[in-house]
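The values are calculated or read from the model by the stated rules, or taken from the named source; none is laboratory data. Computed from a prediction, not measured in an experiment: that's the story for all the values here. Cβ atoms come from the backbone with ideal geometry, glycine included; neighbour counts cover every protein chain shown. Ligands, DNA and RNA are stripped out before the accessible areas are found, and what is left, the full protein with its side chains, is counted by its heavy atoms. Shrake-Rupley method; radii C 1.70, N 1.55, O 1.52, S 1.80 Å.
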Amino acid sequence: MTPPVIHVAAALTVDADGRALMVRKHDTTVFMQPGGKIEAGESPLDCLRRELFEELGLELAAEDFTWLGTFEEDAANEPGHRVLAEVFTLTIDAAAPVVAAEIAESIWVDPAAP
């Protein structure tokens, strides 16, 4: 049986030092890239801009994003599901994100550090 697929838009968000922003939702343990589920009739980029505003207070122009690709993997917080992620990159000021909505916390991680 094929597992259900959750279609999301996500942001590989980095700061000037090359650190990546990761978020954790309430009642979960896994950190992930910010973003969310794409609503009916919504483009991946429109979804991502909406989610980043709702969850982190980031109001960003479409021109701030660069398309990275589409990736599929097992869902971290929803067992038995797959995630199909439309991923964009962007660079922001590390002080800009303010957690809100379903986000419990955010962290900046150095991708080169173990």
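Couple of notes before you dig in:
- Within segment 26-55, considering residues that are of a type in the set (A, V, I, L, M, F, W, C) and farther than 21 Å from Thr91 by Cα, the one most open to solvent (accessible area, probe 1.4 Å): Ala40
- Counted residues, segment 2-58 - those being assigned to a loop (DSSP other than H, G, I, E, B) and either on the phi > 0 side of the Ramachandran plot or among the aromatic types (Phe, Trp, Tyr) (or both): 5
- Positions within segment 1-26 being free of Cβ contacts under 8 Å to residues at least 60 places away in the same chain and not hydrophobic (A, V, I, L, M, F, W, C), in sequence order: Thr2
- Residue among Ala85, Ala95, Ala101 that is in contact with an Asp or Glu (Cβ under 6 Å, 6 or more places away or on another chain), among the hydrophobic types (A, V, I, L, M, F, W, C) and closer than 23 Å to Leu60 by Cβ: Ala101
- Pair list, Cβ under 8 Å, 6 or more apart: segment 40-58 residue hydrophobic (A, V, I, L, M, F, W, C), other residue assigned to a helix (DSSP H, G or I): Leu45/Ala62; Leu58/Leu52
- Residues of segment 1-19 satisfying the condition of being at pLDDT 95 or above and among the polar types (S, T, N, Q): Thr13
- Residues in segment 82-114 that are polar (S, T, N, Q) and open to solvent by less than 70 Å² (accessible area, probe 1.4 Å) were compared, and the one that is nearest to Thr70 (Cα to Cα) is Thr89.
- Matching residues, segment 68-106, being of a type in the set (D, E, K, R), in a loop (DSSP other than H, G, I, E, B) and within 23 Å of Val5 (Cβ to Cβ): Glu78, Glu102
- The set of residues in segment 5-25 that are open to solvent by 70 Å² or more (accessible area, probe 1.4 Å) and more than 16 Å from the chain's Cα centre (by Cα) comprises Val5, Ala16, Asp17.
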